[in-house]
Amino acid sequence: MILDANALSAVADGHTALEPLLQRASGLSIPVIVLGEYRYGINQSRERSLYEQWLIESLRDYSILPIDDETAIHYAAVRAKLKKAGTYPLK
């Protein structure tokens, strides 16, 4: 299962709604861009030290997905479809 920044935040905050899905997942992954977004959010947080510690302890449970050319090609195709459908940029 690949988590976005919102899902990662929910896990960090202890929201239980995701637990059934996470428990069924064969593995958990975070795209490197999501990790960057999350770290940026940590830097803005009043609870910075708490979230930094959570991240340090939790990263071992996740696979970090890199950005490569295949990812960029897929991104470009998805974005083109969204633009053609009139749903990009998101509002």
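Remarks
- Within segment 32-49, the presence of a residue that is more than 28 Å from residue 74 (Cβ to Cβ) and of a type in the set (A, V, I, L, M) is excluded.
- Qualifying residue in segment 39-58 (condition: acidic (Asp, Glu) and either modelled with pLDDT under 90 or under 17 Å from residue 2 (Cβ atoms) (or both)): no
- Where residue 64 falls short, out of the listed (1) closer than 19 Å to residue 22 by Cα; (2) exposed (fewer than 11 other Cβ atoms within 10 Å of the Cβ); (3) not aromatic (Phe, Trp, Tyr): (2)
- Within segment 56-88, if we keep just the residues that are in a helix (DSSP H, G or I) and among the hydroxyl-bearing types (Ser, Thr, Tyr), the residue that is nearest to residue 25 (Cα to Cα) turns out to be 58.
- Selected residue (criterion: surrounded by the most Cβ atoms within 10 Å (Cβ to Cβ)) from residues of segment 1-33 that are of a type outside the set (A, V, I, L, M, F, W, C) and part of a loop (DSSP other than H, G, I, E, B): 4
- Qualifying residue in segment 36-50 (condition: surrounded by 11 or more Cβ atoms within 10 Å (Cβ to Cβ), outside any helix (DSSP H, G or I) and of a type in the set (D, E, K, R)): yes
The values are calculated or read from the model by the stated rules, or taken from the named source; none is laboratory data. Just so you know, these numbers come straight off a predicted model, no measurement behind them. Counting neighbours? That spans all protein chains shown, and the Cβs are built from the backbone with ideal geometry, glycine included.
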